[in-house]
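Novice: There's a structure below that I have some questions on.
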Amino acid sequence: MSHYTHESVIEEIESLKDAWKFTEALKKVNQILIKDPNNEDALLQVTDIQYRQGDISKAGKAIDFLNSKKQNADPLWLYIKWVLEMEKNNRKWARQFLQKALTLTKSKNHEIMRCYGLCEYWYGNREKWLEVIEDAFIINDRDAEVIYNMIELYLLERDYKKARKMIKHYHKYHTDIQTVDKDIEYYDMKILLFEKFIDTQKFFDRMWRKK
């Protein structure tokens, strides 16, 4: 059984990671694992640290151990496994873990649904993509990544009407938009570029009709 990891220890490890002091962070994690080799919090930290350092192989070993412990029945760990396999460009293999996570969450986790929707799009299943990502939006219509991906893919599909609708939604609820690992300014810039792209397309469409 894993012992409880004190919150202050996790905060210290997170601070070290934020400062890019990965060696020091890993030492702190190893101090936990020496006493408790099955500590789930510590093993997740190992995965994150190795991932940030670019060592996907070592990151994968820790998450494989965690998934094995739960017999591939924890959606979060399956999601992390998907991320790691995508980094190795194993898209077909990665998709299986995301499908399992989607089933376990009963399609109620908007982030897992967002990622699965992207997988379906990459595989050319456009109708499935539309269904899944719009369901993710219904679950959480303030998530920046969901909104961003919907606009991006609507533009790829040349559905400028729906793209503009999502852009208006973004501006309307700007103060409530939720971000995780990127600042809101990142999305503001992307949305501005999307708007300029649509305006440019409209200009060329008008020019084409005049010919």
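Novice: With a Förster radius of 30 Å, plug the Cβ-Cβ distance of His6 and Lys69 into 1/(1 + (r/R0)^6) and report the FRET value to the nearest 0.05. Please report the intermediate quantities before stating the final value.
Specialist: On the way: r = 22 Å, r/R0 = 0.73.
Approximately 0.85, to the nearest 0.05.
Novice: Sorting Arg164, Arg158, Arg52, Arg95 on the 10 Å Cβ count, fewest up front, what's the list? Before the final figure, lay out the partial values.
Specialist: Numbers: Arg164 16, Arg158 9, Arg52 13, Arg95 19.
Result, fewest neighbours first: Arg158, Arg52, Arg164, Arg95.
Novice: Mind sorting Met113, Met166, Met189 by how few other Cβ atoms lie within 10 Å of their own Cβ, fewest first? Let's see the in-between values first.
Specialist: Details: Met113 26, Met166 21, Met189 11.
Ranked by crowding around the Cβ, least crowded first: Met189, Met166, Met113.
Novice: What lysines could a cross-link reach from Lys35, if we take a straight Cα to Cα line under 27 Å and drop same-chain neighbours fewer than 8 places away?
Specialist: The reachable lysines, counting only those whose Cα sits under 27 Å from Lys35, are Lys17, Lys21, Lys27, Lys58, Lys61, Lys69, Lys70, Lys81.
Novice: Starting with the fewest neighbours, write out Val83, Val180, Val46 ranked by other beta-carbon atoms found within 10 Å of each beta-carbon. Could the numbers behind the result be given before it?
Specialist: On the way: Val83 17, Val180 8, Val46 23.
So the ranking, lowest neighbour count to highest, is Val180, Val83, Val46.
Novice: Continuing with this model, one more query. How long are the three semi-axes of the equivalent ellipsoid of the stretch 141-211, in whole Å, if each is the root of 5 times an eigenvalue of the C-alpha gyration tensor, listed from largest down? Walk me through the numbers before you get to the answer.
Specialist: Working: eigenvalues 135, 23, 19 Å².
That gives 26, 11, 10 Å for the three semi-axes.
Novice: Quick one: length gained pulling Lys35 to Arg126 fully straight, 0.36 nm per residue minus the C-alpha distance? Can you show the working numbers first?
Specialist: Working: separation 91, 0.36 × 91 = 32.76 nm, distance 4.92 nm.
Roughly 27.8 nm would be gained on extension.
Novice: Could I ask something else about it? In the set [x] -0.46, -0.56, -0.76, -1.06; [y] -0.38, -0.46, -0.63, -0.91; [z] -0.43, -0.51, -0.70, -1.00, which value of log10 I(q)/I(0) by the Debye sum over Cα atoms at q = 0.09, 0.10, 0.12, 0.15 Å⁻¹ was calculated from the structure you see?
Specialist: Given [x] -0.46, -0.56, -0.76, -1.06; [y] -0.38, -0.46, -0.63, -0.91; [z] -0.43, -0.51, -0.70, -1.00, the calculated one carries the label [x].
Novice: Separate question: State the number of lysine pairs found in the stretch 141-211 whose Cα atoms come within less than 18 Å, restricting to pairs 8 or more positions apart or on distinct chains.
Specialist: The result is 18.
Novice: Can you tell me the equivalent ellipsoid semi-axes for the stretch 1-69? Use √(5λ) from the Cα gyration tensor, largest first, whole Å. Walk me through the numbers on the way to the answer.
Specialist: On the way: eigenvalues 60, 53, 14 Å².
Its equivalent ellipsoid spans semi-axes of 17, 16, 8 Å.
Novice: Given H placed 1.01 Å from N in the peptide plane, which residues other than close sequence neighbours of Gln178 have an amide H under 5 Å from its amide H?
Specialist: Result for Gln178 returns Asp143, Ala144.
FYI, it's all coordinate maths here, none of it is from the lab. Remember, it's a predicted structure, so these values are computed and weren't measured experimentally. Note: ideal-geometry Cβ built from the backbone for every residue, glycine included; neighbour counts use all protein chains shown.
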